[in-house]
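Note sheet for the following structure.
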Amino acid sequence: MLLILLQVQTMYMLPVKTNVNSSSAPLAPCLPDQASALLALKHSFNTTNGDSTTFQSWVAGTDCCSWDGVRCDRRDGCVTYLDLGGRQLQSSGLEPALFGLSSLNHLDLSGNDFNNSQIPATGFERLTELRYLNLSNTNFAGSVPAGISHLKNLVYLDLSTSFYVVDFDNENHVMYYTSDSIWQLSVPKLDTLLADLTNLEELHLGMVDLSSNGPQWCDYVARLSPKLQVLSLPYCSLSGSICKSLSSLRSLRVIALHYNHLSGSVPEFLASFPNLTVLQLSTNKFEGWFPPIMFQHKVLQTVDLSENPGISGILPTFPQTSSLENLFVKSTNFSGTIPVSINNLKSLKKLSLGASGFSGILPSSMGELKSLELLEVSGLQLVGSMPSWISNLTSLTVLQFFYCGLSGPIPSSIANLRELTKLALYNCNFSGKIPPQLSNLTRLQTLLLHSNNFAGTVQLSVFSKMQNLTVLNLSNNELHVLDGENSSSSMSFPKLEFLRLASCRMSSFPEILRHQGKIKGLDLSDNQINGSIPTWAWETWNGSHMFLLNISHNMFSSIGSEPLLPVHIEYFDLSFNNLEGPMPIPRDGSVTLDYSSNQFSSMPLYFSKYLTGTSFFKASRNSLSQNIPPSICSAVSSLQLIDLSYNNLSGSIPSCLMEDVSALQVLSLKANNLFGELPDNIKKGCALEVLDFSGNLIQGKIPRSLAACRNLEILDIGSNQISDSFPCWMSTLPKLQVLVLKSNKFTGQVLDPSYNTEDGNTCEFTELRIVDIASNNFSGPLPVGWFKMLKSMMIRSDNETLVMENQYYHGQTYHFTAAITYKGNKMTITKILTTLVLIDISNNALYGTIPKAIGDLVLLHGLNMSHNALGGSIPVQLSNLKNLESLDLSSNELYGEIPQELASLNFLSTLNLSYNMLSGRIPQSPHFSTFSNSSFLGNNGLCGPPMSNQCRNQSEISLPYDSEKNSADVLLFFFTALGFGISFSITVIVILGRQR
């Protein structure tokens, strides 16, 4: 993901008091107390670090007004100006003697390190003359002191921390910032800070935590800072929307609110700000229509809406008077065509049109943007090949086409763009061979060609001329990549930081890596590499910090190192290989560890020491045995996902995995040999979303303290030995969607009468979509009222994602799973669609009739009530289930006819009505005729296709099936028959009896 950060840094120079008539009065020297305060400040810094020349002129006994960075009012010798900005000095804290300089009107301490100390709680209130205060990038921590809020003359305030993002490719980037951690400074009450700062013209609070102010932050700024010209609040954890009251700040020149959680629409009143030059709103949650008039603003230079997927809009006709220099709509919902008038943007330097909704042909007028330095284009509906006019943009340093519909080969003329430092052509339909002329782009640092249709053989040696190349991605094409290097020639290869060669038909570990000691990311997944990782690889990487090491989906049999690896690997993926023995673990930690689908026999022994920062731990489908090691408890505080399913683990479940889980979201221990009872001391704040213990030997009851897990969406404890009653108490979990209790020892009624209270029924599951209680000992009649409460099976929500999943570090997606029986087959759904709706109550001892209320569950896809003692007739209301794909009512005591209306269920592909007491003709329809004889076996009274026994009386089968609708006609026929004799009357009576 490419991210362009526009840093707004305004030099706000304030006038310094000087006496221009030097002949009228002598210049007053620096006062002794002023010099003393400055010398105390000097001694508070570590002079061995930072700019060594800073204090060379700060010598005791000399006039401090002539010292570097110091200016005075020459009428009285008081220091009015102190600038130590950007000196990279270090101090354990701000020297209180500074506050003795009470005449200061300009104070700049930016770019120095105060070692995570707090800004003094008192002292700033003494600097009443201060108009300019810059404490940016100073590594201060804690709350901003109240003393700053008393500086009524303050015009410029900067407490920000700078940050920037380095992009390796579209999936890997890292943010750097100048403090020890994010949000070291905080302002709990922004209104208190700004209350007396009514003269403020520039406010810079980047990376200051303002989260506790809620959406009111905007009204505070608008109400308390009427003269504001620059509002810079990036990465402040802001929420809410841009308030209407902000429209009163018509002097605003810069609005920088990127990297927050802002939502709502972008208000059109911003277009009326006459001096607005920068509108930076990227990486938020804005939505709705962006007013096109903003792009026609006469003085606006920067518009950045990138990374706001909810924002939609179109590009208007651009006026010739436009001042735009930077235009970004990457990762938005913009659509339409790119206007020909874009060539009117004569000053344009950076243009990011990265929205998948763009369509049509790229206008050739874009080739007239001679000043363009960055061009990014995407659009799934863009057509044609890469335009030839691209080669005219000789000032380009970044060219990026991604997620687009463009096709065809890369023109060799791209090699004319000699200033390129980044060429990214990925996730499009480009094809053909990679032009060898690309090797002439000697300034290129990043080359991304992945996820296209490039074909042919590529020797890695062709990139050796690009000595500045640090990022190379050739993954997921039709390429056959060959190493072809020996040890000596690989020494001349560029020093790569990221190399991705996934699905490149490689059969050996690349020799070029032998001398790549700076590598931060390596992806060799989906190849045919076997054997061991070379020992020299770990020697080369010894002590390094790697963001990514992915060797999954190969045939590696050995890691080639001791289990304790000499590196830090944030994303470590070894899955789908043939690796054996103990699991290897990075010595310096890892965020994501994926060992799944190998033959590992034991888990790391170093949980407590090396996994304390791990968030994602996946080791399913291995050969793990014995107990889950207790040392895993030391890592639970950071783990968000644990998947140990499909192993041979035994023993009981460590209580720590459930009892105090404020971070853990997914815990899957399915298909092991775990026994004992589930821990029942779950604490408030439980973050669990998925619990899957199915396929074990667990006994006892479902822990009632599970009610503390308010985010729980899936509970699968099927195929155990749990003895309990139906858990109506779990209806208090507001997000529960999947409940699987099958194959246990549950008893009692599904809806016990005790759950009916004066305030209503306490068994209402508001979000339940999949319920499987098959193969238990539930008894009693089916609860009509319970089916009426399954509202989520009646009405589909508009705010649903398609798949039940979680997103983790490095784009890792974990799909929620559930083991169920569907369409007569036992299966594990590896990707649960939120649209899938199932009920399975089979293999119990339920009796009574099938409730008609089930016909209201119109979203049902599967209904299985087989192997019970259900009686009565099949409700005609089941014909309302138009989405039904599977219906199993077999092995019950149902009688009567099959409702003709069931023939209208066009999606029904699995039907089993066998072994009941049904009678009459099987409904005839083209769709119903697709069901085999096995769907109706064991019903001796049924006749007609596909059964072999034919119906005897054709007049009988021609009669309608709705007795109420046709009762008048039958009675008329009866009375007419009296005139023809008793025998015929009896026949009619028999027919009427059957009808009833």
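The values are calculated or read from the model by the stated rules, or taken from the named source; none is laboratory data. On a predicted model such as this, the values are computed, not experimentally measured, just so you know. All Cβ positions, glycine included, derive from the backbone under ideal geometry; neighbour counts span all protein chains shown. The area values use the complete protein model at the heavy-atom level, side chains included, leaving out ligands, DNA and RNA. Shrake-Rupley method; radii C 1.70, N 1.55, O 1.52, S 1.80 Å.
Things worth noting here:
- Output for region 218-249, where each listed residue is open to solvent by 50 Å² or more (accessible area, probe 1.4 Å) and either modelled with pLDDT under 95 or not in a loop (DSSP other than H, G, I, E, B) (or both): 219, 223, 244, 248
- Among (1) in contact (Cβ under 8 Å) with a residue 40 or more places away in the chain; (2) assigned to a loop (DSSP other than H, G, I, E, B); (3) within 31 Å of the chain's Cα centre (by Cα), the one test that residue 311 misses: (2)
Residues checked against (1) open to solvent by 10 Å² or more (accessible area, probe 1.4 Å); (2) modelled with pLDDT under 95; (3) more than 18 Å from residue 839 (Cα to Cα); (4) over 32 Å from the mean Cα position of the chain (by Cα):
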residue	(1), (2), (3), (4)
722	no, no, yes, yes
731	yes, yes, no, no
736	no, yes, no, no
744	yes, no, no, yes
751	yes, yes, no, yes
757	yes, yes, yes, yes
760	yes, yes, yes, yes
765	no, yes, no, no
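- When the residues of region 533-565 are filtered to those that are under 18 Å from residue 512 (Cβ atoms) and hydroxyl-bearing (Ser, Thr, Tyr), the one that is least open to solvent (accessible area, probe 1.4 Å) is 544.
- Pairs linking a residue in region 734-745 that is farther than 14 Å from residue 706 by Cβ to a residue that is assigned to a loop (DSSP other than H, G, I, E, B) and basic (Lys, Arg), with Cβ atoms under 7 Å and 6 or more positions apart or on different chains, are 737/769; 738/769.
- Condition met for residue 416 (modelled with pLDDT under 95 and either more than 20 Å from residue 496 (Cα to Cα) or acidic (Asp, Glu) (or both)): yes
- Filter result (closer than 17 Å to residue 324 by Cβ and surrounded by fewer than 16 Cβ atoms within 10 Å (Cβ to Cβ)) within region 256-276: 274, 275
- In this entry, residue 552 passes the filter for residues that are in contact (Cβ under 8 Å) with a residue 40 or more places away in the chain and either under 30 Å from the mean Cα position of the chain (by Cα) or part of a strand (DSSP E or B) (or both).
- Restricting attention to region 510-528, the residues that are assigned to a loop (DSSP other than H, G, I, E, B), out of contact with any strand residue (DSSP E or B) (no Cβ under 7 Å at 6 or more places or on another chain), surrounded by 19 or more Cβ atoms within 10 Å (Cβ to Cβ) and at pLDDT below 95 total 2.
- Scan of region 921-941 for residues that are surrounded by 15 or more Cβ atoms within 10 Å (Cβ to Cβ) and touching a strand residue (DSSP E or B) at 6+ places or on another chain (Cβ under 7 Å), ordered by number: 921, 922, 931, 935, 936, 939
- Taking region 827-918 and the strands (runs of 3 or more DSSP E) fully enclosed by it, the elements with 1 or more residues that are of a type in the set (Val, Ile, Thr) and over 19 Å from residue 789 (Cβ atoms) are at 910-912.
- Residue pairs meeting the criteria (Cβ under 8 Å; at least 6 apart or on separate chains; first without any contact (Cβ under 8 Å) to a residue 40 or more places away in the chain and in a loop (DSSP other than H, G, I, E, B), in region 74-92; second crowded, with 17+ Cβ neighbours inside 10 Å and not polar (S, T, N, Q)): 84/108; 84/109; 86/111; 87/50; 87/111; 88/50; 88/111; 88/113
- Selection of first residues in region 379-390 that are over 18 Å from residue 355 (Cα atoms) and in contact (Cβ under 8 Å) with a residue 24 or more places away in the chain and of second residues that are part of a loop (DSSP other than H, G, I, E, B) and of a type outside the set (A, V, I, L, M, F, W, C), restricted to Cβ pairs under 7 Å at least 6 apart or on distinct chains, gives the following pairs, ordered by first then second residue: 388/411.
- Residue in region 705-715 that is closer than 17 Å to residue 651 by Cβ, part of a loop (DSSP other than H, G, I, E, B), open to solvent by 10 Å² or more (accessible area, probe 1.4 Å) and not charged (D, E, K, R) present: no
- Of all the listed residues (125, 129, 171), the sole one being outside any helix (DSSP H, G or I) and over 28 Å from residue 498 (Cβ atoms) is 129.
- Against the criterion of being within 14 Å of residue 696 (Cβ to Cβ), in contact (Cβ under 8 Å) with a residue 12 or more places away in the chain and hydroxyl-bearing (Ser, Thr, Tyr), residue 652 qualifies.
- A single member of 210, 185 is closer than 29 Å to residue 89 by Cα, crowded, with 19+ Cβ neighbours inside 10 Å and free of Cβ contacts under 8 Å to residues at least 40 places away in the same chain, and it is 210.
- Residues that are aliphatic (A, V, I, L, M), in contact with a helix residue (DSSP H, G or I) (Cβ under 9 Å, 6 or more places away or on another chain) and closer than 24 Å to residue 647 by Cβ are absent from region 735-758.
- Every residue from region 154-168 that is closer than 30 Å to residue 470 by Cβ, in contact (Cβ under 8 Å) with a residue 24 or more places away in the chain and either open to solvent by 40 Å² or more (accessible area, probe 1.4 Å) or assigned to a loop (DSSP other than H, G, I, E, B) (or both): 160, 161, 162, 164, 168
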